[in-house]
Amino acid sequence: MNMKKSALSRFGVSVNKNLLDKFDKLIDDQEYPTRSKAIEDLITHYISNDTLTEDSANVIGSINIVYDHHKRELLKKLTDIQHDFQEIILSSQHIHLDHHNCFEIIIVKGRKKEAEKLYCMIKGTKGIRNASLTVFSR
């Protein structure tokens, strides 16, 4: 069995004691196995976000929306918008929250600029109560 080992580097960091105490409590609450793993995740997230500054970056993510499904013509508008972006939409999930409110998750994969354009069109549609876009670099 050929296992590829990743190279590890050790380094020292000076941090304000109060800040480190808060960080240690946070990573303990989130059940990180080690402080090193938490710092590695922060570095990965920081680098990933830097990559996302380019409009042409390839991303995977979700558009999350809450809306009143009784709002006249809203469902038709949402369907029409999504059909215009079918090349980047992988899937969507519609969840009924109560008699009036629905939650929809739209999974996207493609260029950052296109995902943001789709998000802007959806969030700007009359009747959308809340919307968010979360993307990660691929």
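Here is a list: L78, L90. Which entry is within 14 Å of S62 (Cα to Cα) and modelled with pLDDT of 95 or more?
Numbers: L78 fails: within 14 Å of S62 (Cα to Cα).
It is L90.
Quick one: K71 ticks every box in (1) at pLDDT below 95; (2) within 18 Å of V135 (Cβ to Cβ) except a single one, so which number is it?
(2)
Test I43 against the stated conditions and say whether it is of a type in the set (V, I, T) and loosely packed, with under 12 Cβ neighbours inside 10 Å.
On the way: of a type in the set (V, I, T): yes; loosely packed, with under 12 Cβ neighbours inside 10 Å: yes.
Against the criterion (of a type in the set (V, I, T) and loosely packed, with under 12 Cβ neighbours inside 10 Å), I43 qualifies.
From S62, S92, S56, S132, grab the single residue that is in contact (Cβ under 8 Å) with a residue 24 or more places away in the chain and surrounded by 14 or more Cβ atoms within 10 Å (Cβ to Cβ). Talk me through it step by step, then tell me what you get.
Numbers: S92 fails: in contact (Cβ under 8 Å) with a residue 24 or more places away in the chain; S56 fails: surrounded by 14 or more Cβ atoms within 10 Å (Cβ to Cβ); S132 fails: surrounded by 14 or more Cβ atoms within 10 Å (Cβ to Cβ).
Of the residues listed, the single one that is in contact (Cβ under 8 Å) with a residue 24 or more places away in the chain and surrounded by 14 or more Cβ atoms within 10 Å (Cβ to Cβ) is S62.
Quick check on K126: is it open to solvent by 40 Å² or more (accessible area, probe 1.4 Å), of a type in the set (K, R) and either modelled with pLDDT under 95 or over 11 Å from V59 (Cβ atoms) (or both)? Explain how you work it out, then say what you get.
Details: open to solvent by 40 Å² or more (accessible area, probe 1.4 Å): yes; of a type in the set (K, R): yes; either modelled with pLDDT under 95 or over 11 Å from V59 (Cβ atoms) (or both): yes.
Yes, satisfied.
Here is a list of conditions, (1) exposed (fewer than 15 other Cβ atoms within 10 Å of the Cβ); (2) at pLDDT 95 or above; (3) more than 19 Å from the chain's Cα centre (by Cα); (4) not charged (D, E, K, R), and C120 meets all of them except one; can you say which number that is?
The one condition C120 does not meet is (3).
Just to be sure, is F23 surrounded by 15 or more Cβ atoms within 10 Å (Cβ to Cβ) and in contact (Cβ under 8 Å) with a residue 24 or more places away in the chain? Outline the logic, then answer.
Details: surrounded by 15 or more Cβ atoms within 10 Å (Cβ to Cβ): yes; in contact (Cβ under 8 Å) with a residue 24 or more places away in the chain: no.
For F23, the condition - surrounded by 15 or more Cβ atoms within 10 Å (Cβ to Cβ) and in contact (Cβ under 8 Å) with a residue 24 or more places away in the chain - is not met.
The values are calculated or read from the model by the stated rules, or taken from the named source; none is laboratory data. A quick note: this is a predicted structure, and the numbers were derived from the prediction, not measured. Backbone-built Cβ (ideal geometry, glycine too); neighbour counts: all protein chains shown. Keep in mind that these areas ignore ligands, DNA and RNA; they rest on the heavy atoms of the full protein, side chains included. Shrake-Rupley method; radii C 1.70, N 1.55, O 1.52, S 1.80 Å.
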